[in-house]
Amino acid sequence: MDQEFHSAPDAKVTRNELASVITALEPDQIISTKEHHHCSRRRLTRTEMLLFWGLRFYLVFMVGVVVYQIWTGVR
Amino acid sequence: MQMNEPKTASEPRRFAVLQSNSPNEQPTSPADVVITHEDIDRAHDRQRVSATRARRGFRPRLGLFWLLLGPGILVMLGENDGPSMLSYAATGARFGVGFFLPFVVLTFVMACVVQEMTVRLGAATHRGHAELIFDRFGPFWGWFSMVDLMIGNFLTLVTEFIAVRAGLGFFGVRPAVAVLGALLVLSVALMTHRYWTWERIILGAAMFNLAFVPVALLTHPHWSAVGWALVTWKPLPGGLTQETVLILLANIGATVTPWMLFFQQSAIADKGLTTRDIRMGRLDTALGATLATIAALATMLATAPLFLHHMSATNFEAAEFAQALQPFVGYWGAALFALGMFEAGMVAAITISTSSAYAFGEVARRPHSLNLPFKQGRSFYLVLLVEAVAAAGLVLIPGIPLVYIVLLVNVIAVLAMPPALLFLYMLVNDREIMGSLVSPAWANVLALAVVVILVGAGLLFGISVLAPNVLALVGGR
C-alpha cells in the first residue's frame, strides 16, 4: 500500500468497526482498497488534444485581455 | 466506479466477487483491507443512511433527504459569495429591476446543469474531480487543472476576506480584527475533524445568505415590475455597453465557477454518496440553486432603490452599499445587508479553501478528508489554512483597489470555466468509469449550450475591451 497516499490505519479498530466498515462502504470507498479500483489512464484523441490546448490558449489570451483592461483602467 | 449495490441495508458486500466497469480493477481480498479513522467515520454516516432508507413512509424519506443534503446547498450558497453578492448589488444599483433579473435566473439554471454532472461523477466514482482528471488524463493535466484551481481560488479568497472586512466594517469593526476573526471561525469549523459536523455547521451559517430577502422586502419592490422584467427581460438601461458586458460576465462568474465543480464532487466523495443517492443529490443541488437564486434576486431588489434615486454606486464596497441603503430600509435593514455580506464572504472562504485542499490532496496523493484527525491529514489542513491566511493578509495591505479586484475575479472565473467544463464533459461521458450513468443526449446538449454561452460571453468581453466600436455591430454602443 502506498503509505504516502492513504490515511494512517487506525490503531484501535474493533471487530465491530471492521464489520461496519465492510458492510456500509462500497469497496472502492475504503481508503486502503482504492488502489485496486483505480481508473486507468485514457489516450486522448487528436481532436481532444486540440480542444484542450485550444481552450488553454483561449484562457491565456483572455487573461491577457483582462490584464490589458486593468492597465488601461489604471492609466 | 459503479459497484454492486446491496438490495437491503443489512446485506454485506463481498470483496472477492466485485464487479466493476473498469477492466483495471482487481478483486480485493479482506486481507488487503486496512481500516482508517476516515473509513470508520464514513461508514457510520452510511449506516444511518442505509437504516433510514430501509424504512418506508414520508418521514423516513424526509429523514433520508436530511442525511444526504449538503454538498449541493453548500456549493450553491457558497457561490453566493462576497464578489457575487457585490456583483448583484452593483447590478441592482446600476440597472434596477429589468434584464438582469431573468438573466441571473438563467445563470443558476446553467449552474444546476453543470453541478448535476458532478453529483453523478462523485457518486459513481467515489473520487474527487482533480483525482479523476489526474487518473484519466495523466499527471500533466492533473497538475495543470489543480494549479489553475489554486490560482483562481486564491484570488477569490482575497475577495471573500474583502467582503468579511467590508461587512463588519459597517459595525465599526477594524479590518484586522474582522479578518482575524474570520480566520478563527474557519479554524474552529475544522476542529470537528468530522465531515458531517463540519457540513452541518457550514449549512447553518449558509442559511444567513437569505438575510438579503428581508432587506429586499423592506424596500417595498414593485412586484408587477419584477414580474414584467422576469417575463420580458426588459428594460436594459443604457443598452449593450462595455460596462454592461463587464456586469454580464461578473454575474455569470457569480454563479458558475471552476471551484464549484471540484468542491461538490470531492464533498460527495468525502460524504460517501453512492449511485443510489444520485436522486437526492440532484434534489440537494436544485434546492441549493433555488435558495441561492432567491438570495441573488433579493440582493438586486434591495439595491434597486439606488438606481431609482440616481445614486452612483460605481465604487461602492459592501459597507457603503449598506450605508447608502439606510435611508430606504432603516438601520436594521442596512445592518442585515452588511451581515449578509459578512456571511457570504465567511461561508465562501471556508468552502473555497476546502476545495483547494481537496484538490491538492487528490493530485499530490496525500490524505484528503474532513474526517481526518489533524495528525493524519496534516497536509490537507495546512493547504487549507495557509491559503486562507495568505489571502487574508493581502486584504490588509492598504491602498489595494478592492472593488476592481472583486469584479475582475468573477470575470476570470468565467474565462477559466470552459477548460474546466471540457474535463467534466469528457469524464461524465466516459463509459469506462460511469457505466450506464453517462450523460444522456439532452444533458450533453445542455452542457454544450453552457459552454457556448460561456465562451460567447468571454469573447464579447474581449471585443468590448479590445474593439469597443465593434459592439455597435451587435446592437451595442
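The values are calculated or read from the model by the stated rules, or taken from the named source; none is laboratory data. Since we're looking at a predicted model, the values are computed, not measured. Here the Cβ is made from the backbone with ideal geometry for all residues, glycine too, and neighbour counts use every protein chain on show.
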Handout entry: Given (1) farther than 24 Å from B:Cys112 by Cβ; (2) modelled with pLDDT of 85 or more; (3) more than 9 Å from chain A (Cβ to nearest Cβ), number of the condition B:Gly462 does not satisfy
Key = (3)
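I'd like the residue in segment B:327-369 that is without any contact (Cβ under 8 Å) to a residue 12 or more places away in the chain and more than 15 Å from B:Ala211 (Cα to Cα) and, out of all such residues, is surrounded by the most Cβ atoms within 10 Å (Cβ to Cβ). It would help to see each step written out before you state the result.
First, pick out the residues of segment B:327-369 that are without any contact (Cβ under 8 Å) to a residue 12 or more places away in the chain: B:327, B:331-332, B:365.
When the remaining residues are screened for being more than 15 Å from B:Ala211 (Cα to Cα), the result is B:327, B:365.
Working: B:Pro327: 11, B:Arg365: 13.
Ranking the qualifying residues of segment B:327-369, first place goes to B:Arg365.
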Problem - Test for B:Trp259: is it surrounded by 14 or more Cβ atoms within 10 Å (Cβ to Cβ) and on the phi > 0 side of the Ramachandran plot - result: no
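Among the candidates B:Leu384, B:Leu394, which residue alone is in contact with a helix residue (DSSP H, G or I) (Cβ under 8 Å, 6 or more places away or on another chain), modelled with pLDDT under 90 and either among the small types (Gly, Ala, Ser) or more than 17 Å from B:Leu121 (Cα to Cα) (or both)?
Details: B:Leu384 fails: modelled with pLDDT under 90.
Result: B:Leu394 is the single residue among B:Leu384, B:Leu394 that is in contact with a helix residue (DSSP H, G or I) (Cβ under 8 Å, 6 or more places away or on another chain), modelled with pLDDT under 90 and either among the small types (Gly, Ala, Ser) or more than 17 Å from B:Leu121 (Cα to Cα) (or both).
Can you go through B:Leu427, B:Leu415 and tell me which one is crowded, with 16+ Cβ neighbours inside 10 Å and either basic (Lys, Arg) or at the interface with chain A (Cβ under 9 Å from one of its Cβ atoms) (or both)?
Values: B:Leu427 fails: either basic (Lys, Arg) or at the interface with chain A (Cβ under 9 Å from one of its Cβ atoms) (or both).
Criteria check complete, one pass: B:Leu415.
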Exercise for the section: Answer yes or no as to whether B:Ala130 is of a type outside the set (Ser, Thr, Tyr), crowded, with 16+ Cβ neighbours inside 10 Å, more than 20 Å from B:Ala89 (Cα to Cα) and touching a helix residue (DSSP H, G or I) at 6+ places or on another chain (Cβ under 7 Å). Expected result: yes
Exercise for the section: Give the number of residues within segment B:95-129 that are assigned to a loop (DSSP other than H, G, I, E, B) and either farther than 16 Å from B:Trp233 by Cα or within 14 Å of chain A (Cβ to nearest Cβ) (or both). Expected result: 3
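Only one of B:Leu308, B:Leu297, B:Leu291 is aliphatic (A, V, I, L, M) and modelled with pLDDT under 95. Can you tell me which?
On the way: B:Leu297 fails: modelled with pLDDT under 95; B:Leu291 fails: modelled with pLDDT under 95.
From the options B:Leu308, B:Leu297, B:Leu291, the qualifying one is B:Leu308.
Quick check on B:Leu155: is it within 14 Å of chain A (Cβ to nearest Cβ), under 16 Å from the mean Cα position of the chain (by Cα) and modelled with pLDDT of 90 or more? Reasoning before the result, please.
Numbers: within 14 Å of chain A (Cβ to nearest Cβ): yes; under 16 Å from the mean Cα position of the chain (by Cα): yes; modelled with pLDDT of 90 or more: no.
No; evaluated as a whole, the condition is false for this residue.
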Practice task
Pick out the one residue from B:Ala205, B:Ala225, B:Ala182, B:Ala163 that is small (Gly, Ala, Ser), surrounded by 14 or more Cβ atoms within 10 Å (Cβ to Cβ), in contact with a Lys or Arg (Cβ under 9 Å, 6 or more places away or on another chain) and in a helix (DSSP H, G or I).
Solution key: B:Ala182
Practice task
Report yes if B:Leu283 is surrounded by fewer than 24 Cβ atoms within 10 Å (Cβ to Cβ) and under 30 Å from B:Ala359 (Cα atoms), otherwise no.
Solution key: yes
Exercise for the section: Identify all residues within segment B:354-388 that are of a type in the set (Val, Ile, Thr) and within 13 Å of chain A (Cβ to nearest Cβ); write none if there are none. Expected result: B:Val363
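Yes/no per residue for (1) hydroxyl-bearing (Ser, Thr, Tyr); (2) within 22 Å of B:Ala413 (Cβ to Cβ):
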position: B:Leu203; (1), (2): no, no
position: B:Leu210; (1), (2): no, no
position: B:Pro214; (1), (2): no, no
position: B:Thr275; (1), (2): yes, no
position: B:Ile278; (1), (2): no, no
position: B:Thr299; (1), (2): yes, yes
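Would you please name the residue that is nearest to the other protein chains (Cβ to nearest Cβ), looking only at residues in segment A:36-75 that are charged (D, E, K, R) and exposed (fewer than 11 other Cβ atoms within 10 Å of the Cβ)?
Residues of segment A:36-75 charged (D, E, K, R): A:41-43, A:46, A:48, A:56, A:75.
Next cut, exposed (fewer than 11 other Cβ atoms within 10 Å of the Cβ) only: A:43, A:46, A:75.
Values: A:Arg43: 10, A:Arg46: 14, A:Arg75: 13 Å.
Residue satisfying both the conditions and the ranking: A:Arg43.
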